[in-house]
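Heads up, the thing below is written out as structure tokens.
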Amino acid sequence: MKKLFFIFLLIGNLFFLPVQVLPDVDPPKYYFTKETKEYKPGIKRHLIRTITKKGPVVANVLEIDLSNENISVKVGLPDAKKIKAKETLLNIVKHEMAYLGINANYFDVKLGNPLGTLITEGTWLVGPVYDRVAIGFSKDKKAFVDQVMLVGNATTYRGFRRKPVTTFEIDGLNTPPHFYNKISLFTINWDEELVLPSSKTGVIVKNGCIKKIVNDRAEIPKKGYVLVSNANYVLNYLKRKDRLKIKWQSHPDWSNVVEAVSGGPYLIMNGEIYVDEINQKFKFAKKETYTARSAVGVDYNGKLYLIVVDSKDDNHSVGVTLQELAELLKKLNLKEAINLDGGGSSTLVVDGKIINKLSERHERKISSALLIFYHHF
């Protein structure tokens, strides 16, 4: 009987031994691995694995040496003739016969028009919205990152002697009404026809001369444009047969920029983390949203970096917040970096293949891309 009682006590002690509870600690901040592979001379891929409080993070980073004479940069569009179009990045890269590409500007999901600075072959296709940050490239492949303004100073001339009768500013270029304060100019790159917002006046200008003033629909001439104002009293001074002369100015001076895309907010400025989504009037659902992200930046040697962070897979990569993306880019020692359109748009294509893990079942159609070409001379 005593033996049975002793066994019972022993078993009881085994079952009721105190359990040591581990404290809830943050994941190790030192966990940051980078696997590097060279695709071509001047083009490297860094596969980065790290971890945050939410879970694992995987990022694909392309490092591009712009000083390599075989490499060039260009904006990619779904349609060379009009900006209101969408296509997958994979198809844009293949159609343009580029070596690699990343998604670029934010865009209107319904209409397909890019939002923010868009320059290709030295021509402004879309003007800035809210003076948001953009990245531009000169003919000699130097990269510029800055918040850009574009203003058109217009002068109206009237009569046989062509006297100047009024001047006004144009602060929108192929941008919807809620993105400019005064007047926007729409070119044939927007569409063949412009449906005017209610109570708006459209001034059709062809070869520098006002041909028609309308209130419903405006046909956009191939050698001209249409002006639409948020303050119609400005355009009410204009008359048919008036002549217009416009001088465009960018601040800072980007007259030497031949290719450019826009994004925002800033992520890295002068080597330091700088996330300014409020200053650039972004209204993200949540500042702490974990999602797929795309970014572009340059290091202190002028090398270009294209970055895509995967998301929506707890076992692979949970995505990052804007702040965490900036922290990741800081570890890459970038001098300047900006956020691009993200989420389902985040895509990175190299040599005809998508190298990141898409956050949606299918590749999303986008409105613009930043492309890299590799030439064999």
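The values are calculated or read from the model by the stated rules, or taken from the named source; none is laboratory data. A quick note: this is a predicted structure, and the numbers were derived from the prediction, not measured. Ideal geometry is used to build each Cβ from the backbone, glycine not excepted, and the neighbour counts take in all protein chains shown. In case anyone asks, the SASA skips ligands and DNA or RNA and just uses the protein heavy atoms, side chains included. Shrake-Rupley method; radii C 1.70, N 1.55, O 1.52, S 1.80 Å.
Odds and ends about this structure:
- Residue within the stretch 297-307 that is surrounded by 20 or more Cβ atoms within 10 Å (Cβ to Cβ) and farther than 21 Å from residue 144 by Cα present: no
- Total residues in the stretch 178-236, condition out of contact with any Lys or Arg (no Cβ under 9 Å at 6 or more places or on another chain) and on the phi > 0 side of the Ramachandran plot: 1
- Under the condition of being open to solvent by less than 20 Å² (accessible area, probe 1.4 Å) and not β-branched (Val, Ile, Thr), the residues counted in the stretch 169-207 number 12.
- Condition met for residue 150 (crowded, with 19+ Cβ neighbours inside 10 Å and closer than 27 Å to residue 209 by Cβ): yes
- Unmet requirement for residue 285, which otherwise passes all of (1) under 16 Å from residue 52 (Cα atoms); (2) aliphatic (A, V, I, L, M); (3) modelled with pLDDT under 95: (1)
- Out of 363, 336, one residue alone is at pLDDT 95 or above, in contact with a strand residue (DSSP E or B) (Cβ under 6 Å, 6 or more places away or on another chain), open to solvent by 10 Å² or more (accessible area, probe 1.4 Å) and part of a loop (DSSP other than H, G, I, E, B). It is 363.
- Of all residues in the stretch 356-377, those that are under 18 Å from residue 70 (Cβ atoms) have Cβ atoms under 6 Å from Cβ atoms of residues that are acidic (Asp, Glu), 6 or more apart or on another chain, in 371/96.
- Subset of the stretch 76-96 (residues that are among the hydrophobic types (A, V, I, L, M, F, W, C), under 23 Å from residue 141 (Cβ atoms) and open to solvent by less than 30 Å² (accessible area, probe 1.4 Å)): 77, 89, 92, 93
- Residue list for the stretch 308-329, filter: part of a strand (DSSP E or B), more than 22 Å from residue 44 (Cα to Cα) and open to solvent by less than 30 Å² (accessible area, probe 1.4 Å): 320
- Filtered by the rule that a residue be in contact (Cβ under 8 Å) with a residue 24 or more places away in the chain and either of a type in the set (Phe, Trp, Tyr) or assigned to a strand (DSSP E or B) (or both), the stretch 35-44 gives 39, 40, 43.
- Residue match in the stretch 226-242 (condition: closer than 21 Å to residue 113 by Cα, at pLDDT 95 or above, out of contact with any Ser or Thr (no Cβ under 7 Å at 6 or more places or on another chain) and surrounded by 14 or more Cβ atoms within 10 Å (Cβ to Cβ)): yes
- Any strands (runs of 3 or more DSSP E) falling wholly within the stretch 132-195 and containing at least 2 residues that are touching a residue at least 40 places away in the same chain (Cβ under 8 Å) and more than 19 Å from the chain's Cα centre (by Cα): 149-158, 163-170, 183-186
- A single member of 248, 254 is within 30 Å of residue 337 (Cβ to Cβ) and assigned to a strand (DSSP E or B), and it is 248.
- Candidate set: the stretch 45-75, residues that are small (Gly, Ala, Ser) and assigned to a loop (DSSP other than H, G, I, E, B); chosen: the one most open to solvent (accessible area, probe 1.4 Å): 67
Per-residue answers, yes or no, for (1) touching an Asp or Glu at 6+ places or on another chain (Cβ under 7 Å); (2) closer than 13 Å to residue 227 by Cβ; (3) modelled with pLDDT of 95 or more:
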{"residue": "150", "(1), (2), (3)": "no, no, yes"}
{"residue": "173", "(1), (2), (3)": "no, yes, yes"}
{"residue": "191", "(1), (2), (3)": "no, no, no"}
{"residue": "195", "(1), (2), (3)": "no, no, no"}
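- Selection of the stretch 153-168 for residues being under 30 Å from residue 132 (Cα atoms) and surrounded by fewer than 17 Cβ atoms within 10 Å (Cβ to Cβ) yields 153, 155, 166, 167.
- Looking only at residues in the stretch 257-291 that are assigned to a strand (DSSP E or B) and among the polar types (S, T, N, Q), the one that is most open to solvent (accessible area, probe 1.4 Å) is 291.
- Residue 112 being part of a strand (DSSP E or B), among the small types (Gly, Ala, Ser) and crowded, with 18+ Cβ neighbours inside 10 Å: no
- Pairs, first without any contact (Cβ under 8 Å) to a residue 24 or more places away in the chain in the stretch 48-64, second open to solvent by 20 Å² or more (accessible area, probe 1.4 Å), C-beta under 6 Å, six or more apart: 49/33
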